[in-house]
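Take a look at the structure set out below.
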Amino acid sequence: MQLTPGRMLYLVDLAGTLLFAIEGASAAITGKLDLLGLMVLAFATALGGGIIRDVLLGATPPSALRDWRYPAIAFTGAAVVFFFHQFVLEAPAQLIMVLDAAGLALFAISGTEKALLREMSPLVAVLLGGITGVGGGTIRDVLLTKVPGVLHADVYATAALAGSAIMILCRRIGMTDAQSAFAGGIVCFTLRVVSVWRHWNLPVAA
Amino acid sequence: MQLTPGRMLYLVDLAGTLLFAIEGASAAITGKLDLLGLMVLAFATALGGGIIRDVLLGATPPSALRDWRYPAIAFTGAAVVFFFHQFVLEAPAQLIMVLDAAGLALFAISGTEKALLREMSPLVAVLLGGITGVGGGTIRDVLLTKVPGVLHADVYATAALAGSAIMILCRRIGMTDAQSAFAGGIVCFTLRVVSVWRHWNLPVAA
Amino acid sequence: MQLTPGRMLYLVDLAGTLLFAIEGASAAITGKLDLLGLMVLAFATALGGGIIRDVLLGATPPSALRDWRYPAIAFTGAAVVFFFHQFVLEAPAQLIMVLDAAGLALFAISGTEKALLREMSPLVAVLLGGITGVGGGTIRDVLLTKVPGVLHADVYATAALAGSAIMILCRRIGMTDAQSAFAGGIVCFTLRVVSVWRHWNLPVAA
């Protein structure tokens, strides 16, 4: 069993799904949900963005439901949090943040890729990259009746949109698909991490 | 006009829709919504789960919109509550609970059936059975800005998932489709009713 | 470049999108969202109703994503509010209300038209007209964790539903498609404006 690029990307994608599921399940514990609520939030946070993207593209059933490994991984994340939450909730916030930024970059890039494959315009491909990255967290917040965090704080969705835009730009100037994806991912990841480190926020109309 | 099994199933399905619509409309009265809000909540509670399932399966337009009888029945439920809410709201809670458990079982089984017809994996078919059963109530709670009840209390979605899983298991061990559906429905209904009677709840991570 | 009826309708549609985007972005300012939240609310308010309609009809990708001008116009509305909100927020409420009623009428009519084109039943076509008109505002309210306004106050969704119903009725009695659309739009607009002027509300079950 060789580790081809395609196979590696798939493994990285599953890793991102696991991480987002753990974050979703952690939010369920803070919100005092029961075991089922914890599983739903893990699932929705990890797979919600990709599901919205696929429904909008008409690529149904969404890949998150076509391949049973995705829900299985999401529920594994839920189980990890349920049984080991004392450790998970005490993980260093900076570690979580850096891993999350990597997951965000991966989801944004894969979302943009899929939108371009389906011949969406550049503007729409950027939007779908952003939705893939932040859609799951938005559903999680709505289910917890909180105004989604992406709407009022941090440079988060913005990092996803910037990464997607850079990826498309790189393709336009003749870079290969792999190089473009890599460049976009790096921009998203870096912008997210630096913005947390420097306490950047988007402007608010006063 | 004979009462074939297919026709009976259809009538039972309409009965479940009517009941869920009545419950949705009752929540609208508690939430002080106007007549339109009451109609929207009846529609969303009764048909929301099946609509989400069909959109995820790519079976659009959803059957709830292809057959005008479904919205018509939902609005009939809304009208019943609007004009006779003093009686509806005073119905014995236990009667409502038992009828609701029957509706839940029916929706879970029909959702699993449709997912299997579209060749979803067993895990995903169970999830879609659960979504068909509880999706409508979840939308209702989100519209009322409440954390969805299924996420933090009762053995409700769990009963739907268990019934769906049993149904698939029965098919695997060679029972007919009808027997499997019946077994799954009985498990869902019984688990739901017994859990209310015995005050069962799912564990919460402390 | 001639101003054909089709082209004029398209321009009017873009105008409605711009207006709804401005209203969505204004709600974002009241809710203290940042620039990204403002863009999301402009997009969701202006295009959400049509996106839900197209997803339900199976007409994916939705027209709001197939034609890049729609998101571009929505973000233009967001930019207008971000940079000139002191003027926008001080616009006379009655002017906004009249323009909004025009947008509502347009969206309801175009939604009904598209549903009839896809051979939905009259009842479902009326529902989809209503969803096209009020779906965006409903998403906006949910994201701000408010009970959607259409569910408890004003004659708003009702006006959209009435306009859609009249449009279908006019077709049935032999009027041309253009006449029917015009009659439905006028009914929706007038009912909305008169209901605000006369302080009409729907009944609430006491």
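The values are calculated or read from the model by the stated rules, or taken from the named source; none is laboratory data. Given the structure is predicted, the values throughout are model-derived calculations rather than measurements. All Cβ positions, even for glycine, are placed from backbone atoms using ideal geometry, and neighbour counts span all protein chains on display. Please note that ligands, DNA and RNA were not included when accessible areas were found on the heavy atoms of the full protein model with its side chains. Shrake-Rupley method; radii C 1.70, N 1.55, O 1.52, S 1.80 Å.
Within the stretch B:169-205, how many residues turn out to be over 24 Å from B:M8 (Cα atoms) and of a type in the set (G, A, S)?
Total meeting the criteria: 3.
Which residues, counting only those in the stretch C:141-152, are within 22 Å of C:G37 (Cα to Cα), assigned to a helix (DSSP H, G or I) and open to solvent by less than 10 Å² (accessible area, probe 1.4 Å)?
Of everything in the stretch C:141-152, nothing turns out to be within 22 Å of C:G37 (Cα to Cα), assigned to a helix (DSSP H, G or I) and open to solvent by less than 10 Å² (accessible area, probe 1.4 Å).
State the number of residues belonging to the stretch B:84-96 that are part of a loop (DSSP other than H, G, I, E, B) and in contact with a Ser or Thr (Cβ under 7 Å, 6 or more places away or on another chain).
Residues flagged as part of a loop (DSSP other than H, G, I, E, B) and in contact with a Ser or Thr (Cβ under 7 Å, 6 or more places away or on another chain) within the stretch B:84-96 amount to 1.
Give the stretch B:153-167 a look and list any residue that's open to solvent by 20 Å² or more (accessible area, probe 1.4 Å) and touching a residue at least 24 places away in the same chain (Cβ under 8 Å), or say none.
Matches in the stretch B:153-167: B:A153, B:D154, B:Y156, B:T158, B:L161, B:A162, B:A165.
Just to check your reading of the model, which residue among A:T132, A:T138 is hydroxyl-bearing (S, T, Y), at the interface with chain C (Cβ under 10 Å from one of its Cβ atoms), in a helix (DSSP H, G or I) and buried (at least 19 other Cβ atoms within 10 Å of the Cβ)?
A:T138
Do we find that A:S180 is surrounded by 19 or more Cβ atoms within 10 Å (Cβ to Cβ) and either in contact with a Lys or Arg (Cβ under 6 Å, 6 or more places away or on another chain) or in a loop (DSSP other than H, G, I, E, B) (or both) in this structure?
In short, yes.
Out of all the residues in the stretch C:101-124, which are in contact with a Leu (Cβ under 7 Å, 6 or more places away or on another chain) and more than 25 Å from B:R66 (Cα to Cα)?
Result: C:G103, single match.
What residue, of B:T76, B:T4, B:T60, is more than 21 Å from C:A153 (Cα to Cα), out of contact with any Pro (no Cβ under 8 Å at 6 or more places or on another chain), modelled with pLDDT of 95 or more and polar (S, T, N, Q)?
Of the residues listed, the single one that is more than 21 Å from C:A153 (Cα to Cα), out of contact with any Pro (no Cβ under 8 Å at 6 or more places or on another chain), modelled with pLDDT of 95 or more and polar (S, T, N, Q) is B:T76.
Of the numbered conditions (1) within 20 Å of B:L143 (Cα to Cα); (2) among the basic types (K, R); (3) more than 15 Å from the chain's Cα centre (by Cα), B:R53 fails exactly one; give the number of that condition.
Tallying (1) within 20 Å of B:L143 (Cα to Cα); (2) among the basic types (K, R); (3) more than 15 Å from the chain's Cα centre (by Cα), B:R53 fails exactly one: (3).
Out of all the residues in the stretch C:98-122, which are in contact (Cβ under 8 Å) with a residue 40 or more places away in the chain and open to solvent by less than 30 Å² (accessible area, probe 1.4 Å)?
Answer for the stretch C:98-122, where residues must be in contact (Cβ under 8 Å) with a residue 40 or more places away in the chain and open to solvent by less than 30 Å² (accessible area, probe 1.4 Å): C:D100, C:A101, C:G103, C:L104, C:A105, C:F107, C:A108, C:I109, C:G111, C:T112, C:A115, C:M120.
Are there any pairs, at least 6 apart or on different chains, whose C-beta atoms fall under 9 Å, with the first in the stretch B:23-39 and closer than 19 Å to B:G149 by Cβ and open to solvent by 30 Å² or more (accessible area, probe 1.4 Å) and the second of a type in the set (D, E, K, R) and not in a loop (DSSP other than H, G, I, E, B), and if so, which?
B:E23/B:D100; B:E23/B:R140
So, of the residues in the stretch C:183-206 that are in a loop (DSSP other than H, G, I, E, B) and of a type outside the set (K, R), which turns out to be least open to solvent (accessible area, probe 1.4 Å)?
For the stretch C:183-206, the residue satisfying everything is C:A205.
Would you confirm whether any residue within the stretch C:84-94 is crowded, with 24+ Cβ neighbours inside 10 Å and without any contact (Cβ under 8 Å) to a residue 40 or more places away in the chain?
No, the stretch C:84-94 contains no residue that is crowded, with 24+ Cβ neighbours inside 10 Å and without any contact (Cβ under 8 Å) to a residue 40 or more places away in the chain.
Could you grab me the full set of residues in the stretch C:111-129 that are within 7 Å of another protein chain (Cβ to nearest Cβ), under 16 Å from the mean Cα position of the chain (by Cα) and not hydrophobic (A, V, I, L, M, F, W, C)?
None; the set is empty.
Filter the stretch C:142-151 down to the residues that are without any contact (Cβ under 8 Å) to a residue 40 or more places away in the chain and at the interface with another protein chain (Cβ under 9 Å from one of its Cβ atoms) and list them by number.
Across the stretch C:142-151, the qualifying residues are C:V142, C:T145, C:K146, C:V147, C:P148, C:V150, C:L151.
Quick one: in the stretch B:53-72, of everything that is more than 7 Å from every other protein chain (Cβ to nearest Cβ) and either surrounded by 21 or more Cβ atoms within 10 Å (Cβ to Cβ) or among the basic types (K, R) (or both), which residue is farthest from B:L104 (Cα to Cα)?
Among those residues, the one meeting the criterion is B:R66.
Out of all the residues in the stretch B:123-131, is one or more farther than 18 Å from B:L56 by Cβ, in contact (Cβ under 8 Å) with a residue 24 or more places away in the chain and not polar (S, T, N, Q)?
Looking through the stretch B:123-131, none of the residues is farther than 18 Å from B:L56 by Cβ, in contact (Cβ under 8 Å) with a residue 24 or more places away in the chain and not polar (S, T, N, Q).
Against the conditions (1) free of Cβ contacts under 8 Å to residues at least 40 places away in the same chain; (2) touching an Asp or Glu at 6+ places or on another chain (Cβ under 7 Å), where does A:N201 fall short? Just the number, please.
(1)
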